[in-house]
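Notes follow once the structure below has been shown.
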Amino acid sequence: MAAIDPGSLTIASALEGLAKKDFTSVELTQACIASMEAARPLNAMITETPEKALEMAKAADERRSKGGEVGLLDGVPLAIKDLFATQGVLTTAASHILDGFKPEYESTATANLWKQGAVMLGKLNLDEFAMGSSNETSYYGPVVNPWRAKDGTKLVPGGSSGGSAAAVAAGFALGATGTDTGGSIRQPASLCGITGIKPTYGRVSRWGIVAFASSLDQAGPMTRTVRDSALMLRAMAGFDPKDSTSVDRPVPDYVANLDGGVKGMRIGIPREYRMDGMDAEIVALWEQGKQWLRDAGAEIVDISLPHTHYALATYYIVAPAEASSNLARYDGVRYGLRVPGKDLNEMYENTRGAGFGREVQRRIMIGTYVLSAGYYDAYYTKAQKVRTLIKKDFEQAFQRVDAILTPTAPNAAFPIGMKNDDPVMMYLNDVFTVPTSLAGLPGMSVPAGLNSAGLPLGLQLIGKPFEEAQLLRVGQTLEKAANFTAKPTAWWRS
Ligand code: GLN
């Protein structure tokens, strides 16, 4: 049998190959492990779990050879963002403060994947506590984008799910889990030329996922194709009584209607997303996207989302506020790192001072400030009100349209280190993704083309609450029209 190249497979084609016995899950998993090891220069993994992977693959092969029922993802190797608690496997959130933390429990989202037979390759690098847009805030060092600049300059993969996007783009994992609080699935998907969907808030359980901003956090799949995202989302999603914000609704078969097309659908183009000084290539791609959907039979409708301009500021009040509260639990007593001090308070200070990186400390300080007695109403309450207005903008727009098309990010991948000294520049990466998160709506990024520097760019689709099936269908149409087949050269192997 010819050697398996996992980079040439999708989840769908791997499932076909497994069903036809072209290869076993053990063979496929071995090929993924070899590619994962070869891709170490990308620093996409925090923990590799090859033995566990092979054990899970062997069990998958046994299920198949018995001819019994197999799971939706039976035998398919995936990698997991290191924000999901995995039982007995180091879970770090890319933070020093969680040193040595091996959870006693498994997150519901990953447990759902294993229930469907998926195989775990290991835990992926990310921005510390998922705070970032470039995967440079990780305690474990930056992730390198598999796509390089023409002169060889190393680029960021986006963040915070940078390891997830890199692993899928580099071809060693067939899919990865991501989480998205303000864009962390969609933006790295865009910067690495892959697909990612942030489902409606409440669709995927947050139980066992390290919390960043609980009213915004949502997990979802990152894959090479829209079909793969549909397959993986179906396995991940579902009601979970352990997450009080999880929604009790049946999970549809997202693949069933994927090829239904967009004929007769109305696609909104929000005028406020056309920002001053926007990259001309991104404007052109957005125009192209409209044309593709029009050609496929959709009607393009101009819409207005008037409070878009306030979304970023709102997000950077609400998210740090929730983070400062969520991160209070890391005190050196219950988890991970402990740096001793002469008394309890000094131990707290020493532990949190050494355990949290600069960006996390900045968020804790912003969050504590906006929640403090004197400023609560001026910042936090105000931000909550604006959040409601942003949500209402979408509700109004969705009376006229079925989905919304925008660019995913204002730029392509940029050099490592370029935006590190300027947090506001970095926060601007989220300008197109954050409104969707504040409104709790599903959003996805589909790779749509390369810019003149040869780097991938994505288009974002935003849908109505719990209409992921429809959103994926529009995504499938876009994917077909864009026919994005480019891949990074495997420079990291040499
Ligand atoms: N870049 C945004 C932030 O740093 C979003 C991160 C995310 O979605 N997890 O908050």
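Filter segment 55-75 down to residues that are in contact with a Ser or Thr (Cβ under 6 Å, 6 or more places away or on another chain) and either among the aliphatic types (A, V, I, L, M) or not in a helix (DSSP H, G or I) (or both) and give me whichever is surrounded by the most Cβ atoms within 10 Å (Cβ to Cβ). Filtering segment 55-75 for residues that are in contact with a Ser or Thr (Cβ under 6 Å, 6 or more places away or on another chain) and either among the aliphatic types (A, V, I, L, M) or not in a helix (DSSP H, G or I) (or both), the one surrounded by the most Cβ atoms within 10 Å (Cβ to Cβ) comes out as 75.
Among the residues of segment 218-226, is there at least one that is assigned to a loop (DSSP other than H, G, I, E, B) and within 16 Å of the ligand (Cβ to nearest atom)? No. Of a type in the set (A, V, I, L, M, F, W, C), near the ligand (Cβ under 9 Å from one of its atoms) and outside any loop (DSSP other than H, G, I, E, B): does that describe residue 129? Judged against the criteria, residue 129 is a match. Restricting segment 145-177 to residues that are assigned to a loop (DSSP other than H, G, I, E, B) and surrounded by fewer than 24 Cβ atoms within 10 Å (Cβ to Cβ), the residue that is nearest to the ligand (Cβ to nearest atom) is 154. Which of the residues that make up segment 365-388 are within 16 Å of the ligand (Cβ to nearest atom) and of a type outside the set (A, V, I, L, M, F, W, C)? If the condition is that a residue be within 16 Å of the ligand (Cβ to nearest atom) and of a type outside the set (A, V, I, L, M, F, W, C), then 367, 387 are the ones that fit. Within segment 43-54, work out how many residues are of a type in the set (Asp, Glu) and in a strand (DSSP E or B). Looking only at that region, the number is 1. Filtering 229, 214 for residues that are part of a loop (DSSP other than H, G, I, E, B), modelled with pLDDT of 95 or more and closer than 19 Å to residue 81 by Cβ leaves a single hit, 214. Reported count of residues in segment 422-442, each being free of Cβ contacts under 8 Å to residues at least 60 places away in the same chain and near the ligand (Cβ under 9 Å from one of its atoms), is 0.
Name every residue in segment 435-465 that is outside any strand (DSSP E or B) and under 16 Å from residue 200 (Cβ atoms), in order of residue number. The answer is 435, 436, 437, 438, 439, 440, 441, 442, 464, 465. Among the residues examined, residue 201 qualifies as within 16 Å of the ligand (Cβ to nearest atom) and of a type in the set (Phe, Trp, Tyr). Scanning segment 237-279 for residues that are acidic (Asp, Glu), exposed (fewer than 15 other Cβ atoms within 10 Å of the Cβ) and farther than 23 Å from residue 203 by Cα turns up just one, 276.
Picking from residues in segment 302-329 that are in a loop (DSSP other than H, G, I, E, B) and surrounded by fewer than 23 Cβ atoms within 10 Å (Cβ to Cβ), the one that is nearest to the ligand (Cβ to nearest atom) is 307.
Residues of segment 398-417 that are of a type in the set (Gly, Ala, Ser) and surrounded by fewer than 19 Cβ atoms within 10 Å (Cβ to Cβ): 417 alone.
Taking (1) touching a Pro at 6+ places or on another chain (Cβ under 7 Å); (2) under 29 Å from residue 237 (Cα atoms); (3) surrounded by fewer than 24 Cβ atoms within 10 Å (Cβ to Cβ) in turn, residue 441 satisfies each apart from (3). With respect to residue 108, is the statement that it is among the β-branched types (Val, Ile, Thr), touching a Ser or Thr at 6+ places or on another chain (Cβ under 8 Å), within 30 Å of residue 69 (Cα to Cα) and surrounded by 24 or more Cβ atoms within 10 Å (Cβ to Cβ) true? The answer is yes for residue 108. Applying a threshold of 8 Å to beta carbon distances and a minimum spacing of six or more residues, or different chains, the list of pairs starting in segment 179-190 at a residue that is near the ligand (Cβ under 9 Å from one of its atoms) and ending at one that is in a loop (DSSP other than H, G, I, E, B) and of a type in the set (Phe, Trp, Tyr) reads 179/212; 181/212; 183/432. Count of segment 343-364 residues, restricted to those that are of a type outside the set (Ser, Thr, Tyr), surrounded by fewer than 19 Cβ atoms within 10 Å (Cβ to Cβ), more than 14 Å from the ligand (Cβ to nearest atom) and in contact (Cβ under 8 Å) with a residue 12 or more places away in the chain, is 4.
Being surrounded by fewer than 20 Cβ atoms within 10 Å (Cβ to Cβ) and farther than 14 Å from residue 173 by Cα holds for only one residue in 34, 38, 3, and it is 3. Just one of (1) crowded, with 24+ Cβ neighbours inside 10 Å; (2) closer than 25 Å to residue 361 by Cβ; (3) away from the ligand (no atom under 16 Å from the Cβ) fails for residue 140. It is (1).
The values are calculated or read from the model by the stated rules, or taken from the named source; none is laboratory data. For clarity, every value in this text was computed on a predicted model and none was experimentally measured. Positions of Cβ are generated from backbone atoms using ideal geometry, with glycine treated the same way; all protein chains shown enter the neighbour counts.
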